[in-house]
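The values are calculated or read from the model by the stated rules, or taken from the named source; none is laboratory data. Remember, it's a predicted structure, so these values are computed and weren't measured experimentally. Heads up, the Cβs are rebuilt from the backbone with ideal geometry, glycines too, and the neighbour counts pull from every protein chain shown. Remember, those area values only see protein heavy atoms, side chains included, never the ligands or the DNA or RNA. Shrake-Rupley method; radii C 1.70, N 1.55, O 1.52, S 1.80 Å.
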Amino acid sequence: MNVLVIGGAGYIGSHCVRQLIEAGHNPVVLDNLVYGHKGALLPSVKFYCGNLDDPVLVGKILDDEKIDLVMHFAAYINVGESVRDPIKYYRNNVCGVVSLVETMLNHGVKKFVFSSTCATFGIPAKLPLVEDMPQHPINPYGQTKLDVENFLKNCARAYGLNSVAFRYFNASGAAEDGSIGEDHKPETHLIPLAIFAAMGKGPSLKIFGEDYKTPDGTCLRDYVHVDDLSRAHIAAFDKLNGDGMFLHYNLGTGTPNSVLEIIKGVEDVSGLKVPYEIAPRRPGDPDALFADSTKAKTELAWKIKYTNVRDIIATAWKWHKNNPEGFKD
Ligand code: UDP
């Protein structure tokens, strides 16, 4: 299939592009390079620089490249920033998708893969999280993602759009060969920050709270490898053949790991100490979040390759050790 990957130069998008090529598809990338990196793309991948809410550019790409399906990874993802600047988040994460879907429909493209998040659930009433549990996001970031899920449902009924939303748990790790990986500026995620602290590249790691209702007092999260996430996306392509549907899947390994367990994992994998200090809780962090991904495993035959968080950390370590400054752009 000819697949337009919007945000294909970003963290999850660039890994998905590689998996698409491996699976025999033809990815074309649109990215505005505000957060993405040209260096994350193989030179052979066709690249357009621009915004998802530019109907002229997007329409031209859809036509010229005979696009069959659009994948959208170009969202803003920083929870704290979404609280400080909700307009930025609603404009890109919601208005941007409305514009994009309108352009797709105007150009006859009706297959859409959307990156959603476990943050749409808010504070879970029960764990593990199953798809149809209530969604009550507690920050603008999660709310924008839920708004788009609902928008896609309405578009299925009204225009026959076929879409799938994947609710990621904690996307982590890097390509197995260490050639691409996570490079957010600023970095806010636990595994890269723990690795930077071990490498002496950043300050000591701050553990945000040690008084959660968890066995060791630090938060529990479900770390899932970025290549496993990508493979689930591709497995859903065959499902998007109806006259209007909205599918949704939780993607996680189902195994929770605490912040202290991640630190220990980084120390074991790298052979270095992770200097850390205890800091106050980060607002909006639930005690524990982990997925029940039975639905993806059953309906998409999704197989998780990286079931052990140490193996995920090992791929991240390889990337950061070989590329201490990230991408050189
Ligand atoms: N965390 C931490 N220190 C950091 C970054 C994250 O203690 O510098 C904790 C955070 O409170 C959460 C977990 O690590 O419990 C994962 O956070 P991350 O930002 O990586 O992902 P999130 O769960 O927010 O999507």
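Which whole-Hz ³J(HN,Hα) couplings does segment 94-100 yield from phi under the Karplus relation 6.51 cos²θ - 1.76 cosθ + 1.60, θ = phi - 60°, glycine and proline marked x?
9, 4, x, 6, 4, 4, 4
Hey, what angle do you get for helix 55-64 against the long axis of the chain, alpha-carbon based, 0 to 90 degrees rounded to 10?
70 degrees
For helix 140-159, what angle does its Cα long axis make with the longest principal axis of the chain, in degrees from 0 to 90 and rounded to 10?
Once rounded, the angle reads 30 degrees.
Mind listing the long-range amide H neighbours of VAL28? Cut-off is under 5 Å, sequence gap 5 or more, other chains count too, H placed in the peptide plane at 1.01 Å from N.
So VAL28 has HN proximity to VAL3, LEU4, VAL5.
Which whole-percent values make up P(r) of segment 83-183 when all C-alpha to C-alpha distances are grouped in 10 Å steps starting at zero?
Reading upward from the zero bin: 14, 38, 32, 15, 0.
Just grab the label-to-label distance for LYS185 and ASP329, each label 7 Å out from Cα along the Cβ direction, in nm (one decimal).
Reported label-point gap for LYS185 and ASP329 is 1.2 nm.
Return the sequence-ordered ³J(HN,Hα) values of segment 108-124 in whole Hz as given by the Karplus equation 6.51 cos²θ - 1.76 cosθ + 1.60 applied to θ = phi - 60°, using x for Gly and Pro.
Once θ is set to phi - 60°, the couplings for segment 108-124 become x, 9, 10, 10, 9, 10, 10, 7, 9, 8, 5, 5, 5, 7, x, 7, x Hz.
Leaving out same-chain residues fewer than 8 places away, which aspartates and glutamates sit with a Cα under 13 Å from that of LYS305?
Within the straight-line limit of under 13 Å, LYS305 reaches these aspartates and glutamates: GLU176, ASP227, ASP228.
What would the Debye formula give as log10 I(q)/I(0) at q = 0.13, 0.15, 0.28 Å⁻¹ for the alpha-carbon point model of segment 256-322, no solvent?
Taking Cα atoms of segment 256-322 as identical point scatterers yields -0.55, -0.70, -1.20.
Just to check I understand the Karplus step: with θ = phi - 60° and J = 6.51 cos²θ - 1.76 cosθ + 1.60, what whole-Hz values come out for segment 284-289, glycine and proline as x?
x, 8, x, 3, 8, 9
Run the numbers for SER44 and LYS66: contour at 0.36 nm per residue of separation, minus the present Cα-Cα distance, in nm.
Here the answer is 6.1 nm.
Taking only Cα atoms, what is the 0 to 90° angle, nearest 10, from helix 11-22's long axis to the longest principal axis of the chain?
Once rounded, the angle reads 60 degrees.
With a bin width of 10 angstrom, please list the P(r) values of the chain as percents of all Cα-Cα pairs, from the 0 bin to the one holding the largest distance.
6, 27, 37, 23, 7, 1
Could you work out what % of the accessible surface of the chain is carbon and sulfur, using a 1.4 angstrom probe and leaving DNA, RNA and ligands out of the count?
In the chain, the share of accessible area belonging to carbon and sulfur is 54 percent.
If each Cα of segment 246-289 is one equal point scatterer, what is log10 of I(q)/I(0) from the Debye formula at q = 0.13, 0.25, 0.29 Å⁻¹?
Each listed q corresponds, in turn, to -0.47, -1.03, -1.10.
Can you tell me what share of the DSSP beta bridges in the chain is antiparallel? A percent to the nearest 5 is fine. Display every interim value, and only then the final one.
On the way: 2 of 41 bridges.
Of those bridges, close to 5 percent are antiparallel.
What is the percent of Cα-Cα separations in segment 152-277 that go past 16 Å?
Summing the P(r) tail past 16 Å for segment 152-277 gives 70 percent.
How many Å² of accessible area per residue for the chain, probe 1.4 Å?
43 Å²
Determine the distance separating the Cα centre of segment 299-324 from the Cα centre of segment 175-253; give it in Å without decimals.
10 Å
Which cross-chain or sequence-distant (5 or more) residues have an amide H under 5 Å from the amide H of VAL224, H modelled 1.01 Å from N in plane?
Amide H neighbours of VAL224: ASN170, ALA171, SER172.
Suppose every Lys and Arg Cβ carries +1 and every Asp and Glu Cβ carries -1, with no other charges. What dipole size does segment 56-209 come out with about its Cα centre, to the nearest 20 debye?
420 debye
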